[in-house]
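The values are calculated or read from the model by the stated rules, or taken from the named source; none is laboratory data. In this text the structure is predicted, and so the values were computed from the model without any measurement. Please note: Cβ atoms are built from the backbone with ideal geometry, for glycine as well, and neighbour counts cover all protein chains shown. Surface accessibility is based on the protein's heavy atoms, side chains included, excluding ligands, DNA and RNA. Shrake-Rupley method; radii C 1.70, N 1.55, O 1.52, S 1.80 Å.
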Amino acid sequence: MARFLLKRLALAVITLALVSVIVFAIAQLLPGNVGRNVLGGFATQQSVNHLNHQLGVDRPVYVQYASWISNFVQGNLGSSLEYRVAVWPLLSTSLLNSLKLAAVAFVLLVPLSILGGVVAALRRGRLADRVITLAGLSLTAIPEFVSAIVLILVFGLALKVLPVDATAPPGAGFLTQVKYLLLPSLALTMVLFGYIARMARAGTIEALDADYTRTAILKGVRTRTVIRRHVLRNSLLPTIAVIATQLGYLIGGLVVIEKLFNYNGIGQRILTAALNKDFTMLESSVLVIAIVYLAAALVADVLYSVLNPRIRYAEAA
Amino acid sequence: MSSIAVELVPAPATVARRETLRALLRSKTFLVGALVVCWWVFCAIFGATIAPRDPLAQSANVLAVPSVHHLFGTDQLGRDVFSRVLAGARSILTIAPAATALAIAAGTAVGLLTGYRRGAVDDIVSRLIEAMLSLPLVVVAIVVAVALGHSTLTLMVIVGVLFTPLIARTVRAAVLAERELDYVAAAQLRGEHAPYIMFAEILPNVMGPIIVEATVRVGYAIFAIAGLTFLGFGVQEPSPDWALQISDNYSLLAAGSYWWTVLFPALAIASLVVAINLVADGISQVLER
């Protein structure tokens, strides 16, 4: 197991290095002179040059990359070009907010979609299966801001049961915060539900058709026990792997949902940084997102290997 | 006599195609999806003509409640929402298929090349694809859109390029299975050139997955383009584009209940993408039987 995880970790580090190069390269594409953008059209060329030198953007590209990445690794994310303050305090607040939103979405998403998939598989070919499969398929296709608008109209404005705003008043308790995050999380959940439910359904059907399940049933084991001990244990493994790959979409969805609900999260940060050409903020937040995503994938790998005896015992064999 | 008999027996490929079509027409979900897609395609072509009012004309009658005069009400500039929903089909139904076509062309080429050649090119390209896919698509699109400026053409190219690795991955997997088959070895022994084998021999045999991928991708392209437009990086004013209508009017929701300005374009997007997904689902079920 340790070897499996080490290999995954090494791959994650390589991917991260590649991502950092890609992010840096794309940020270099941002048009315009950095100093000119910061100081505006009326500044003298001399002061623009001075600022460019101060920021270090007049150095060759590879030197800039090397200094950015070595600072990043040491935890120094530089200072925002737009706000002229350190990037990390701003970024960490947004990241924390986004993680709260993602956590609520995740807690809604995983049980709901697994339950949906398993129910669909157990009632294969019947009405419940058709409804769950078609609903999942349709919800996955609808852009998150569209489903969010419908949710706002229904729960926020027509029924008036949930707040339309995502940001709880300052000092609000845990439950109030969750209540404010319910609508945006539901919108994120709707987009991802179909895919995970489909995987859970496919996995469950495969396990139901397997010989060991038939053996268990013929042995006279109670249906409930067969499903719990034989079917679910095998069917949920691939689902866990799929959930990890969906985290990227979850984070991407945050950008849109945070804008719609005007929520101060990392998606909103990236959006404003891109619009204001604040490229130190942009590079760092994108790289932070990549780290979060790869870390989540790694956690899923650990979970997967802990749950899967074939990997858990691979070393002993 | 014999010549007539020959004509009566169609080529096997024609029979297969006819059977596929018949199976598709039996699928209810496919039919419903196809019907809705056809309606929006009709609107994309004639929507501005059949609209009761000019979708761009402003009036003093702002934020009017839906009524006989304005079926879907008016927006904050007094424009008729019903006419705008009809005319709004055009932008998304032009950009999304164009972006998909671009991605399919590029992705098929890359997939054929990496799948057929294998080796170092395959390793390097696959690693790059993995790295690209580990960033959320929206995030990459935003950064590139800011860098290149926003026009309809750049939007199309961005989505097309970002979808290329996804399609390349699917095509590559199909090619990997195909290249081991005898007909490829036979073509190699005949001394055919690699481009001929890739495009004339293997490509026709991997068309199934490519067609399925294309229909699914059109749906995702609409998803991505609508999202980018909502964020302000896509279709620009004064287009009656659906996502743009939502982006223009959603801030009114908190102030009061001007639900009609966003609900109808939202339903339009939702019905289009759901219909495309139903079509894609129908096609994949028939082709992957």
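Screening chain A for DSSP H helices whose Cα atoms reach 27 Å or more along their own axis and whose mean Kyte hydropathy is at least -1.0 gives A:2-29, A:87-122, A:174-209, A:233-260, A:279-307. Of the residues B:TRP260, A:MET281, A:ASN52, the one whose Cα sits farthest toward the positive end of the charge dipole of the protein assembly as shown, with +1 on the Cβ of Lys and Arg and -1 on the Cβ of Asp and Glu, is B:TRP260. Across the alpha-carbon atoms of chain B, the computed radius of gyration and Dmax are 23.1, 80 angstrom. Computed with a 1.4 Å probe over protein heavy atoms only, the accessible area of B:PHE42 comes to about 90 Å². If I build a Gaussian network model for chain B, linking alpha-carbon pairs within less than 10 angstrom, which residue out of B:HIS150, B:HIS69, B:HIS193 has the largest mean-square fluctuation? Judging by the Gaussian network model, the answer is B:HIS193.
Against the empirical 2.2 N^0.38 Å scaling, what ratio does the C-alpha Rg of segment A:28-162 come to? Could you put the intermediate results ahead of the total?
Details: Rg = 24.8 Å, N = 135, 2.2 N^0.38 = 14.2 Å.
Ratio of Rg to 2.2 N^0.38 Å for segment A:28-162: 1.75.
Report the calculated FRET efficiency for B:LEU287 and A:ASP209 (r = Cβ-Cβ distance, R0 = 35 Å), to the nearest 0.05. E(calc), rounded to 0.05, equals 0.95.
Kirkwood hydrodynamic radius of the protein assembly as shown, from the reciprocal of the average inverse Cα-Cα distance over all distinct pairs: 26.8 Å. Against the main long axis of the alpha-carbon atoms of chain B, helix B:152-178 sits at an angle near 30°. In segment B:9-61, the ratio of gyration radius to Kirkwood radius, Rg to Rh, stands at 1.34 when only Cα atoms are counted.
Excluding same-chain neighbours fewer than eight residues apart, the aspartates and glutamates reachable from A:LYS219 by a Cα-Cα span under 17 Å are A:ASP209, A:ASP211.
Rounded to the nearest 10 degrees, what's the angle between the helix B:207-231 long axis and the longest principal axis of chain B, both from Cα atoms, 0 to 90? Around 30 degrees separate the two axes. Relative to the longest principal Cα axis of chain B, at what angle does helix B:137-148 sit, 0 to 90 degrees, rounded to 10? On a 0 to 90 degree scale, this one is about 80. For the residues A:SER147, A:SER94, A:SER47, a GNM of chain A with alpha-carbon springs under 10 Å puts the largest fluctuation on A:SER47. Spin-label model, B:ILE124/A:SER47: points 7 Å from Cα along the beta carbon direction are separated by 4.7 nm. Output the pairs from A:LYS160/A:LYS277; A:LYS179/A:LYS259; A:LYS100/A:LYS259 with a Cα-Cα distance over 27 Å in this structure; if there are none, say none. Too far apart for the 27 Å limit: A:LYS160/A:LYS277. By the helix-only formula, in which each DSSP H run with n ≥ 4 contributes -39500 (n - 2.57) and the sum is divided by residues, chain B has a 222 nm mean residue ellipticity of -24000 deg cm²/dmol. Would you compute the Debye intensity of segment A:120-240 from its alpha-carbon atoms alone, equal scatterers and no solvent, and pass along log10 I(q)/I(0) at q = 0.13, 0.15, 0.19 Å⁻¹ to two decimals? For segment A:120-240, the Cα-only Debye profile gives -0.69, -0.80, -0.98.
Using the Kirkwood radius over Cα pairs, work out the Stokes-Einstein diffusion coefficient for segment A:88-150 at 37 °C and 0.692 mPa s, in µm²/s as a whole number. Kindly include the intermediate steps, with their values, before the conclusion.
On the way: Rh = 14.0 Å.
After rounding, the answer is 235 µm²/s.
Taking every protein chain into account, the 1.4 Å probe leaves A:THR44 with about 80 Å² of accessible area, to the nearest ten. Loop-located trypsin sites (Lys or Arg not before Pro) in segment A:205-287 (DSSP state not H, G, I, E or B) with no more than 12 neighbouring Cβ atoms inside 10 Å: A:ARG222. Globularity index of segment A:90-316 is 1.16 (Cα radius of gyration / 2.2 N^0.38 Å, N = number of residues). Of the residues A:LYS7, A:LYS100, the one with the largest accessible area comes first in the ranking A:LYS7, A:LYS100, computed with a 1.4 Å probe on protein heavy atoms. Computed with a 1.4 Å probe on the full set of protein chains, the accessible area for A:PHE261 sits at about 10 Å². Accessible-area rank, largest first, for B:MET207, A:MET281, B:MET156: B:MET207, B:MET156, A:MET281, with all protein chains present and a 1.4 angstrom probe.
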